[in-house]
Structures are given as structure tokens and as C-alpha cells.
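Report on the structure given below.
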Amino acid sequence: MGCFESKVRREVPGYEDPVVLASETAFSVSEVEALFELYKSISSSVVDDGLISKEEFQLALFKNRKKENLFANRIFDLFDAKRKGVIDFGDFVKSLSVFHPNAPLDEKIDFAFKLYDMDGSGFIERHEVKQMLIALLCESEMKLADEAIEVILDKTFSDADVNQDGKIDLDEWKNFVAKNPSLLKIMTLPYLRDITTTFPSFVFHSEVDEIAT
Amino acid sequence: ITPVTMNAFELISTSQGLNLGNLFEK
């Protein structure tokens, strides 16, 4: 049974050795094994090709494969580290690791910066923050006058853009989140601390013993 | 608290699209 299971795993595109992934992330080997169960479920939800498409990612997040969401798109793009248009298992584990309670704070700060630096210019620009605010308002069906949006943007950039050049660089972002730590709450998933309890089924598929021998 | 007293990132971080916890719900 172990051999059969191993063969199945190696046939999954992007499958990486759990021992190697554990050494590169905040997860233990058994936690990587548990994440593989979650990964298999998500990656086979629309097309069973062993890769997570954007549609499958949206389905897992919203239980609705057609729901378009700017922020989910940004998260997907960052998880798709190899820029292949899909998330493979290695990408999935390494990206989720950033959200582990024990992951280094610097990794969380960098990830959040990239999330908001939508065009990858190296700066979070006012038009990007405005676009995200408008997307949030649409998502939550909140209405806010244009003037109110501009007031929020003025306040945000007055607080974060210390050199007042109209854009937030990485150093400014680091200072800003140090003063506003609640902004990084979204970068930690408490679930990840005890994932083997969340996915007990991994126990029946674990390769940990055979790797150890 | 009115939204205009908050900074944009506080508001943005409330987006459902940023809540990866949903990935773990069956």
C-alpha cells in the first residue's frame, strides 16, 4: 500500500519530498503530509490534474467558482510562484508557510507588501490602494462618497508615506506595520499550528515512517 | 467608528478574499 501511495504522489505535478519541504518551511514533515490531503481535495475539485487552477482556488475560498475577487486573484498570483497560471504542491506549501503562526515576521511583511504592490513596481501606489478600496466597497456592498475615499487615502498616505513622494516603499511599509500590527493579522492562520488534527486522514497515508527507514 | 477614521489597509484587510481560513473549511 505504501508503494502504491508513493507512486500516486510522485505522479502529482510539482509534488516535492515532504522532508525537503518541511526543511524549507515552518511545517513539520507530518504537517506537509496533512497539507497534501487538502491540496489533493482542492486540486481535483474542477479538473483532476493535480494542480490548483484559479477557478479551483476561488471555489475553495468562496464555495463558488465564478466569484471574481481582486484580493483572491492577488493571493493566487503570489502563490503561483513559478508564474505558470496554476499552483503546484510545492508552491502551495511554501506560500501557506508564510501564514504559519511561527513563520518569520519579515516573511509576512514582505508577502503583504507584494500583495498590495499590485503591478510589482516595488511601491504601493495611491492608485493601487484606491483600486483595492473600491473593490472592497463593491464586495461588501458599502457605499462611500468619492470625497470620503480620498480622505481615507490622504490619511493613509499621510501616515505611511513618510517621505511624501506619493508611494509607499518597503521600508515605509515595515515602519507602518510596526506601528499598526493589526494590519498583519490576515497574514497568520491559527489553523496551521495544529494542522494534523484538522486533517487526521493523513495518518493513513503518511510516508513518514518509510522515509525514516 | 466611521470608515474615514480608519486607514485604507485596515479596511482592505477585512476582505473575504484575504481570508485564507476558508480553504480549510469543507
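The values are calculated or read from the model by the stated rules, or taken from the named source; none is laboratory data. Everything numeric in this text was worked out from a predicted model, so none of it was measured. Counting neighbours? That spans all protein chains shown, and the Cβs are built from the backbone with ideal geometry, glycine included.
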Lone qualifier among A:76, A:113, A:157 - being over 18 Å from residue B:23 (Cβ atoms), in contact with a Phe, Trp or Tyr (Cβ under 7 Å, 6 or more places away or on another chain) and either of a type in the set (Phe, Trp, Tyr) or modelled with pLDDT of 95 or more (or both): A:113
Which listed residue is hydrophobic (A, V, I, L, M, F, W, C), under 13 Å from the mean Cα position of the chain (by Cα), buried (at least 19 other Cβ atoms within 10 Å of the Cβ) and closer than 18 Å to residue A:12 by Cα, from A:92, A:113: A:92
Near pairs, Cβ below 9 angstrom, 6+ apart or cross-chain, from the range A:50-77 (at the interface with chain B (Cβ under 7 Å from one of its Cβ atoms)) to any residue that is surrounded by fewer than 17 Cβ atoms within 10 Å (Cβ to Cβ) and part of a loop (DSSP other than H, G, I, E, B): A:60/A:45; A:60/B:25; A:61/A:67
Checking residue A:165 against (1) in a helix (DSSP H, G or I); (2) more than 11 Å from chain B (Cβ to nearest Cβ); (3) among the acidic types (Asp, Glu), the condition it does not meet: (1)
Number of the exception - residue A:149 against (1) assigned to a helix (DSSP H, G or I); (2) aliphatic (A, V, I, L, M); (3) over 22 Å from residue A:74 (Cα atoms): (3)
Some residue of the range A:142-159 being surrounded by 17 or more Cβ atoms within 10 Å (Cβ to Cβ) and closer than 30 Å to residue A:41 by Cβ: no
Residue selected from the range A:130-149 under the condition charged (D, E, K, R) and within 14 Å of residue B:11 (Cα to Cα), by the criterion nearest to the other protein chains (Cβ to nearest Cβ): A:139
